[in-house]
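The values are calculated or read from the model by the stated rules, or taken from the named source; none is laboratory data. Remember, it's a predicted structure, so these values are computed and weren't measured experimentally. When we count neighbours, we look across all protein chains shown, and the Cβ atoms used for this are built from the backbone with ideal geometry, even at glycine.
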Amino acid sequence: MTVKITGIGSYIPEIKVTNTEFDKHVFLNEDGTPFGYANDVVIGKFKNITGIEERRYVDETLVSSEIGYLAAQKAIENANIEPEEIDYIIFAHNFGDVKKGAVQSDLLPSLATRVKKQLRIQNPKCVAFDILFGCPGWIEGVQIANAFIKSGMAKKCLVIGAETLSRVVDDHDRDSMIYSDGAGASIIEASDNEEGILAYESATFAYDEADYLFFGKSFDQEANPDIRYIKMFGRKIYEFALKEVPKAMKECMDKSGIEIGQLKKILIHQANEKMDEAIIQRFYKLYDRSVPENIMPMSISYLGNSSVATVPTLYDLLINGQIEDHELNKGDVIMFASVGAGMNINAIVYRY
């Protein structure tokens, strides 16, 4: 028995925010001093490094649990099941529901419970819970669902990854341009054929790395210091990711028993275009191979970094023919991989 994704869906917000819209921002250093470069220079360097030209934000009426629900509806329909058949709802996020203008996140009840209510599921044995695992949260949720199904605890699981990072960014921090909003959802079930999860790898590096991503005060020294925003040590994350992610991907690939030449696509967390390209290059270097053409579909240039939503959204776009010059055929072997706050890393080798 294998475990496979039988339904996929995503919610891509309608509000497009281009790089030029950051031209009026007052970017500051951590100590509150002026950044030292004109905004057009900052934006140009940002585009060259990250590959991001625009990102998506939710409108002011929506929060993470609601866009997670919208993606879940699509996944359930795609899997051709009824909501009442679901045994577990696993919702991966980082900041809960943050309303427009709010200074607190809302985590009670859990976002998974809120989705269960919106789906009108009456069965109390459909267990709903959240996981906080940084950007790799959706992949980790799929691994949890895999374990539940293989152990006999579940037959069908709904795994959601959703985030509204636009609500937790510091407008005075140039890193705010990276983040976006979105949601992806999947139905996970047992399979009697060879399709599905072939191997997985997961790890948390916390001894020195736990605080590479954190909640911190605004760079504006006059802002309320008790209101916190997503912050990161970008260089440390970049160096960590290039060192550790390729190794985890190789360990996962080797576990699968699949020869590296059979790998058709790598769906990696859409964090930073240059970083993702460097990770893939180092991964193939571990096998003494060059990177195959068209191995890595990307959506970051127009969707930005929506954290836990990037990988399931990318998968949804890929299998529905919405990524130019990329396609999947039945039997193709692909890899999901991610890195994020924790610092957490994970990967799955999967036969489509």
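What are the residues in region 71-97 that are more than 15 Å from P312 (Cα to Cα), in contact with a helix residue (DSSP H, G or I) (Cβ under 7 Å, 6 or more places away or on another chain) and not in a loop (DSSP other than H, G, I, E, B), if any?
Listed by number, the residues that qualify are P83, Y88, I89, D97.
Step by step: first the residues of region 327-352, then only those that are charged (D, E, K, R) and assigned to a loop (DSSP other than H, G, I, E, B), then the one that is surrounded by the most Cβ atoms within 10 Å (Cβ to Cβ). Which residue is that? Write out each step before concluding.
Residues of region 327-352 charged (D, E, K, R): 327, 330, 332, 351.
Next cut, assigned to a loop (DSSP other than H, G, I, E, B) only: 327, 330, 332.
Details: E327: 13, K330: 7, D332: 15.
So, considering only residues that are charged (D, E, K, R) and assigned to a loop (DSSP other than H, G, I, E, B), the one surrounded by the most Cβ atoms within 10 Å (Cβ to Cβ) is D332.
Surrounded by fewer than 20 Cβ atoms within 10 Å (Cβ to Cβ), within 30 Å of E194 (Cβ to Cβ) and in the same structural domain as G141 (by TED's automatic domain parsing): which single residue out of D59, D23, D87, D31 fits that description?
Every option except D87 fails the conditions.
Restricting attention to region 53-70, which residues are within 17 Å of V17 (Cα to Cα) and either assigned to a helix (DSSP H, G or I) or not β-branched (V, I, T) (or both)?
E53, E54, R55, R56, Y57, D59, E60, L62
Within region 98-130, which residues are modelled with pLDDT of 95 or more, surrounded by fewer than 18 Cβ atoms within 10 Å (Cβ to Cβ) and not in a loop (DSSP other than H, G, I, E, B)?
Within region 98-130, T113, K117, Q118, F129 qualify.
Restricting to region 60-115, what's the tally of residues that are under 19 Å from the mean Cα position of the chain (by Cα) and at positive phi?
Number satisfying all stated conditions: 1.
Looking at region 144-153, which of the residues that are small (G, A, S) and within 24 Å of the chain's Cα centre (by Cα) is farthest from T113 (Cα to Cα)?
Looking only at region 144-153, we keep the residues that are small (G, A, S), and these are 145, 147, 151-152.
Imposing the further condition that a residue be within 24 Å of the chain's Cα centre (by Cα) reduces the set to 145, 147.
Working: A145: 17, A147: 21 Å.
Of everything passing the filter in region 144-153, A147 is farthest from T113 (Cα to Cα).
Does at least one position in region 178-195 carry a residue that is more than 30 Å from K155 (Cα to Cα), assigned by TED's automatic domain parsing to the domain that holds M296, of a type in the set (A, V, I, L, M) and not in a strand (DSSP E or B)?
No, the conditions are met nowhere in region 178-195.
So, of the residues in region 94-111 that are touching an Asp or Glu at 6+ places or on another chain (Cβ under 9 Å) and of a type in the set (A, V, I, L, M), which turns out to be farthest from S307 (Cα to Cα)? Don't jump to the end; show me each part of the working.
Residues of region 94-111 that are touching an Asp or Glu at 6+ places or on another chain (Cβ under 9 Å), as a first pass: 94-101, 103, 105-107, 110-111.
In the following step, the residues that additionally are of a type in the set (A, V, I, L, M) were identified as 98, 103, 107, 111.
Numbers: V98: 15, V103: 20, L107: 18, L111: 16 Å.
Per the criteria, the residue is V103.
Working only within region 131-159, note down all residues that are in a loop (DSSP other than H, G, I, E, B) and among the basic types (K, R).
Start the filter on region 131-159 by keeping residues that are in a loop (DSSP other than H, G, I, E, B), which leaves 133-136, 152-155.
Matches in region 131-159: K155 only.
If I ask for residues that are in a loop (DSSP other than H, G, I, E, B) and aliphatic (A, V, I, L, M), which ones from region 29-52 would you list?
Of everything in region 29-52, those that are in a loop (DSSP other than H, G, I, E, B) and aliphatic (A, V, I, L, M) turn out to be A38, I52.
For Y315, only one of the following conditions fails: (1) surrounded by 24 or more Cβ atoms within 10 Å (Cβ to Cβ); (2) of a type outside the set (V, I, T); (3) modelled with pLDDT under 95. What is its number?
Result: Y315 fails condition (3) only.
Being more than 30 Å from V98 (Cα to Cα) and surrounded by 15 or more Cβ atoms within 10 Å (Cβ to Cβ) is the filter here; which residues of region 227-250 pass it?
To start, the set of residues in region 227-250 that are more than 30 Å from V98 (Cα to Cα) comprises 239, 242-250.
Answer for region 227-250, where residues must be more than 30 Å from V98 (Cα to Cα) and surrounded by 15 or more Cβ atoms within 10 Å (Cβ to Cβ): L242, E244, V245, P246, K247, A248, M249, K250.
What about D40, is it surrounded by 15 or more Cβ atoms within 10 Å (Cβ to Cβ) and closer than 30 Å to M177 by Cβ? So that I can check it myself, show each step before the final result.
On the way: surrounded by 15 or more Cβ atoms within 10 Å (Cβ to Cβ): no; closer than 30 Å to M177 by Cβ: yes.
It is false that D40 is surrounded by 15 or more Cβ atoms within 10 Å (Cβ to Cβ) and closer than 30 Å to M177 by Cβ.
Which fully enclosed helices (runs of 4 or more DSSP H) of region 222-326 have 3 or more residues being more than 20 Å from the chain's Cα centre (by Cα)?
In region 222-326, the matching helices (runs of 4 or more DSSP H) lie at 234-256, 273-285.
Name the pairs whose Cβ atoms lie under 8 Å apart, with the first residue in region 124-144 and in the same structural domain as P109 (by TED's automatic domain parsing), the second charged (D, E, K, R) and part of a helix (DSSP H, G or I), and 6 or more positions between them or separate chains?
Close Cβ pairs (under 8 Å, with a partner that is charged (D, E, K, R) and part of a helix (DSSP H, G or I)) amount to C126/E84; C126/K116; A128/K116; I131/E140; F133/E140.
Report every pair of residues separated by at least 6 positions or lying on different chains whose Cβ atoms are under 6 Å apart, first residue within region 249-270 and in contact (Cβ under 8 Å) with a residue 40 or more places away in the chain and at positive phi, second crowded, with 18+ Cβ neighbours inside 10 Å and assigned to a helix (DSSP H, G or I).
none
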